[in-house]
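What follows is one structure encoded as structure tokens, with my remarks underneath.
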Amino acid sequence: MPDRTCIGCRAVLDKGLMVRLAAVEGRAVPDLGGKLGGRGVYVCSEKCLREACKRKDAFQRALKTKVEQPEPEAIWEKVRATGLKG
Ligand SMILES: [Zn+2]
């Protein structure tokens, strides 16, 4: 599995250990089924997602498209629901 960089802590990890987010209709959404195309960003934990969300434009810069500032609680709720991450 290729390694990816977490946009929260900059750790480089196997992408299977991370949660991918992709831009869909101007919002960063978790790509839980690995089905969303286009550019993606990766986070390794809820903490890192929160950190990234605190930084203005972090997602826009990484996704290279305009997205609303994501809400980490709402995103992680979906991640947790899949059992992918605790
Ligand atoms: Zn991280």
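Each residue, residue 77 and residue 9, gets one label point 7 Å from its Cα in the Cβ direction; the gap between the two is 2.6 nm.
Every helix of 4 or more DSSP H residues in the chain counts as -39500 (n - 2.57), and over all residues that averages to -8500 deg cm²/dmol at 222 nm. Here the dipole of the chain is about 220 debye; that uses its Cα centre as origin and unit charges on the Cβ of Lys and Arg (positive) and Asp and Glu (negative).
Over the stretch 27-86, calculate the relative contact order: mean separation of alpha carbon pairs under 8 Å at least 6 apart, over the residue count, as a percent.
42
Each label point was placed 7 Å from the Cα along the Cα-to-Cβ direction; for residue 36 and residue 64 their separation is 1.7 nm.
Where a number appears in this text, it was derived from the coordinates with a stated rule and is not lab data. Not measured: the values here are computed from a predicted model. A quick note on method: Cβ atoms are made from the backbone with ideal geometry, for glycine too, and the neighbour counts reach across all protein chains shown.
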